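The values are calculated or read from the model by the stated rules, or taken from the named source; none is laboratory data. Given the structure is predicted, the values throughout are model-derived calculations rather than measurements. Here the Cβ is made from the backbone with ideal geometry for all residues, glycine too, and neighbour counts use every protein chain on show.
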Amino acid sequence: MSENTDATAPAAEAVLDIEGMTCASCVARVEKRLGRVEGVTAAVNLATETARVRYPAGLDTAALVGAVRAAGYDATVRARGGARTTGGPSSATAEPTRDAETTAPRAVPVPAPGGEIDATTGRPLDSASAPSLSPHPAAAFAPGERESARTHGVAAGAHEHASGDENLSGAHSTAPGAHEHASADAHVHVHDTADAPGTTPLRVRLWVSLGLAVPVVALGMIPAWQFPGWQWVSLVLATPIVLWGGWPFHRATLRNARHGAATMDTLITLGTFAAYLWSVWALVFGSAGRIGIRHEVMLFGPVHDATSVVYFEVAAAVTVFLLLGRVIEQRSTRRAGAALRALLDLGAREAELADGRRIDIDALAVDDVFVVRPGATVATDGVVLEGRASVDESMLTGESLPVDVGPGSSVTGGTIASGGRLVVRATGVGEQTRLARIARLVEDAQLGKSRVQRLADRISGVFVPVVIVLAALTLVAWIVAGQPVAAGFTAAVAVLIIACPCALGLATPIAILVGTGRGAQLGILVTGPAALESAERIDTIVLDKTGTLTSGRMSVARVTPAESQDAADALRRIAAVERGSEHPVAHAIVAAAGEGPVATDLESLPGRGVVGTVDGVRVFAGRPELAAELGAALPDALAAAVADGEQRGTVVVAGWADAAGAMRARAVIEVADTVRPESARAVAELRAMGLEPVLLTGDNPHVAAAVAAELGIERVRAGVPPEGKLAEIAALRGEGRTVAMVGDGVNDAAALASADLGIAMGGGTDAALHASDVALMRDDPRGIVTAVRLSRRTMRVIRGNLFWAFAYNVAALPLAALGLLNPMLAGAAMAFSSVFVVLNSLRLRRAA
């Protein structure tokens, strides 16, 4: 399939929600079909059932949907940056036919139970009066999340929308025009998974099939219970299990077959129908239907009488095992996205304006003034105008202690205020909010693919055809070897059933889904699988000083008074003359002194200091040179304090006139960018993890050396301007090192981008999110340790998943081909191979 597009047109990007994928073979097929469209590149993710597609901006998105449908799957377009969503009925309004019971469900446009809801009242609306959809920021979630959800009202001017509810067969319809009104900005979908209608049909089929399968398996495996005619009873009981219980698998097989595709469902259908139809043939045309006949089933080896063997228990048990495995897998993968869903569920539904009116959050605009009462959720990002309170940001930053805010403080939508009433001016709404930025970043990470996943997908792309050929060769080999046809048939069926490309397809994306979700919960935003891989390989970590290891704010480190002088009194007088200054050093002194007198007759001496009158006495404060200029000689103790303080930061010499009017030096104040209390522990833990810390700063060598000595960092690069940091990173990489750079994401952007791994302590600012591979939502250097540890653990889980998936198939297929496994055991093993991968990945939910 090809499209005539302008090759010079700028690229756009879209995310497609794809329905019907069950294994990595499906992933490979969809990627291949999309890749045939001229100018299109795509990465398909099985765990989130999405595809990230880059395409020429002039291309209609209907072509993308058509390519997916040509592969045998259904798709809807989710708007992304620059992507058009007005691709016509094919891309927006068509009603896809879905196999919800077979597929692990995906994220969908925000539905409400039973239909659409009123954006103000929250009550259901008649579909005829349904409003159009505006994008809601959220995240792409795991399979099993196609269920009704509460809308979160986080897009400015958005009306709440619900798509058609699902029936038992999983059919779904989208309201016409739903996507046509979607913004081109990135957005994702929010779900409430308290109930999971998408898995209810599977559970119904599972329990009914289980009830019918128990007597079938008992009769087939326990000769003492094989009463006259038992095999005909088994036929009656097994038929609805195979045809109705397994219908979701068979339906997917038929659909894929129409498009020339073979997937895991193909193997399931071939295996179960082979066992079932063989049994029917043996009953009708062979000797298995004779009244009074009995047979035993060997779990580890085949039986040998072809005409007297029925496999109803195999067909029934395999179907039940597969249904059970699919239900467990869906429930587990929903749990995988729970951390991110909890984060996104923080959004407020309503806002209280300053005049007391309550409005839907969608109606809130930038510069609106709203009220936050004690215990209420902050409606959106803003700046506090009035009031003081403590704000719980733990779900956003991982910080357990509340943050005190007051006039001028920034607050984040979704956080909870306590202890006071706040009046806030909105600075960001909808997709401009910090919460929305986090959601987009995490979604992008979950949509990405690691190198090892791409390798697994390539293998899975040819897996199913190879298994079918192997099953046929197994049957032929047994017959050629002179063995009974029943033995060869049993082995061939076991080969079909035991093969599992699903575990290969889920091994990497499900671990990334859980790992990135846990990271968001801890205040760590990872941009994608490549960042996880880089974090595992780094051996050197370069640390910026200001704002990373230090607080980034000047503060009074120590006050050294002259003999017989009181330090507090000296600080009070000095603050009085500094109170009107805008200099950071002056701010630090005033903050340390607190409330106090205000100087008069102020005289600013540029580059030297300030002089003023406090309580009728002339007071000076400034550089040591100012004291000498005013004839205020420094006593030995103060001179020593100046010499010592200048090694760590800035010193202010202050004094005032004596009774005779002569100026005397009275105190030395050391003002510095103080080291964060958590920095020493963070550096020690990084070293314990095998990483060599390097301090890289634009500050003077004396200050850098003092900070490095305090933190135990041996390698220091000081006096390096922002543009010079690139050369330092390149020099370290030239030594064969794998380098991570940690900075504030603002003046370190170039260095962050040039390192193998960029980590920004930017508190979630746009600069931090765009400049780095990993962004820490709180300014705590211990987050660096947590980020590296979480990345390494995620990669270990991925390797463990892949080892299991490969080892399982490598070991299981030969055993089945040699006739050492009964198909029932093969079905159980296949069903739980992917469940193992999912459960293993869920261990990351406890990572810290």
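Quick check on this structure: which one of Glu19, Glu3 is more than 26 Å from the chain's Cα centre (by Cα) and either modelled with pLDDT of 75 or more or charged (D, E, K, R) (or both)? Working first, answer last.
Values: Glu19 fails: more than 26 Å from the chain's Cα centre (by Cα).
From the options Glu19, Glu3, the qualifying one is Glu3.
Output the number of residues of region 37-52 satisfying the condition of being in contact with a Leu (Cβ under 9 Å, 6 or more places away or on another chain), in a loop (DSSP other than H, G, I, E, B) and not aliphatic (A, V, I, L, M). I'd like the intermediate steps shown before the answer.
Looking only at region 37-52, we keep the residues that are in contact with a Leu (Cβ under 9 Å, 6 or more places away or on another chain), and these are 37-48, 50-52.
After this cut, where a residue has to be in a loop (DSSP other than H, G, I, E, B) as well, the list is 37-40, 46-48.
Filter again for not aliphatic (A, V, I, L, M), leaving 38-39, 48.
Of the residues in region 37-52, 3 are in contact with a Leu (Cβ under 9 Å, 6 or more places away or on another chain), in a loop (DSSP other than H, G, I, E, B) and not aliphatic (A, V, I, L, M).
Return yes when Thr76 is at pLDDT below 80 and outside any helix (DSSP H, G or I) and no when it is not. Lay out the reasoning, then the answer.
Working: at pLDDT below 80: no; outside any helix (DSSP H, G or I): yes.
When the stated conditions are applied, Thr76 does not pass them.
Within region 457-498, take every residue that is at pLDDT below 80 and among the small types (Gly, Ala, Ser) and give me the one that is farthest from the chain's Cα centre (by Cα).
Within region 457-498, the match that is farthest from the chain's Cα centre (by Cα) is Ala486.
Restricting the search to region 363-392, which residues are of a type in the set (D, E, K, R) and buried (at least 22 other Cβ atoms within 10 Å of the Cβ)? Please lay out each step first, then the result.
As a first pass, look at region 363-392 and keep what is of a type in the set (D, E, K, R): 367-368, 373, 381, 386, 388, 392.
Of everything in region 363-392, just one residue is of a type in the set (D, E, K, R) and buried (at least 22 other Cβ atoms within 10 Å of the Cβ), namely Asp381.
What are the pairs with Cβ atoms under 8 angstrom where one residue, in region 532-561, is in the same structural domain as Arg687 (by TED's automatic domain parsing) and the other, located anywhere, is assigned to a strand (DSSP E or B) and of a type in the set (Phe, Trp, Tyr)? Sequence gap at least six, or different chains.
Final answer for the pair search is none.
Going by what's in this entry, would Leu638 be described as surrounded by 17 or more Cβ atoms within 10 Å (Cβ to Cβ), within 45 Å of the chain's Cα centre (by Cα) and either modelled with pLDDT of 85 or more or not assigned by TED's automatic domain parsing to the domain that holds Gln565 (or both)?
Working: surrounded by 17 or more Cβ atoms within 10 Å (Cβ to Cβ): yes; within 45 Å of the chain's Cα centre (by Cα): no; either modelled with pLDDT of 85 or more or not assigned by TED's automatic domain parsing to the domain that holds Gln565 (or both): yes.
Against the criterion (surrounded by 17 or more Cβ atoms within 10 Å (Cβ to Cβ), within 45 Å of the chain's Cα centre (by Cα) and either modelled with pLDDT of 85 or more or not assigned by TED's automatic domain parsing to the domain that holds Gln565 (or both)), Leu638 does not qualify.
For Ala727, all conditions in the list (1) at pLDDT below 90; (2) buried (at least 18 other Cβ atoms within 10 Å of the Cβ) hold save one; what is the number of the exception?
(2)
Please find, within region 420-437, the residue that is surrounded by the most Cβ atoms within 10 Å (Cβ to Cβ) out of those that are in contact with a strand residue (DSSP E or B) (Cβ under 6 Å, 6 or more places away or on another chain) and within 16 Å of Leu385 (Cα to Cα).
Residues of region 420-437 that are in contact with a strand residue (DSSP E or B) (Cβ under 6 Å, 6 or more places away or on another chain), as a first pass: 420, 422-428, 433-434.
Then keep just the ones that are within 16 Å of Leu385 (Cα to Cα); that gives 420, 422-428.
Working: Gly420: 17, Leu422: 25, Val423: 15, Val424: 28, Arg425: 14, Ala426: 22, Thr427: 16, Gly428: 18.
Per the criteria, the residue is Val424.
Quick check on my filter: what residues within region 40-60 are touching a strand residue (DSSP E or B) at 6+ places or on another chain (Cβ under 8 Å) and surrounded by fewer than 24 Cβ atoms within 10 Å (Cβ to Cβ)?
Residues satisfying the conditions are Val40, Thr41, Ala42, Ala43, Arg52, Arg54, Pro56, Ala57.
Restricting attention to region 201-232, which residues are without any contact (Cβ under 8 Å) to a residue 12 or more places away in the chain and within 19 Å of Val327 (Cβ to Cβ)?
Hits for region 201-232 are Trp207, Gly211, Val214.
Filter the strands (runs of 3 or more DSSP E) completely within region 572-640 down to those with at least 3 residues that are touching a residue at least 24 places away in the same chain (Cβ under 8 Å).
609-614, 617-622
Just for region 234-268: of the residues that are of a type in the set (Val, Ile, Thr) and farther than 16 Å from Ala317 by Cβ, which one is farthest from the chain's Cα centre (by Cα)?
If we filter region 234-268 for residues that are of a type in the set (Val, Ile, Thr), which is where we start, we get 236, 239, 241-242, 253, 263, 266, 268.
Then keep just the ones that are farther than 16 Å from Ala317 by Cβ; that gives 236, 253, 263, 266.
Values: Val236: 48, Thr253: 32, Thr263: 28, Thr266: 32 Å.
My answer is Val236.
Within region 651-658, does at least one residue satisfy the condition of being surrounded by fewer than 24 Cβ atoms within 10 Å (Cβ to Cβ) and within 44 Å of the chain's Cα centre (by Cα)?
no
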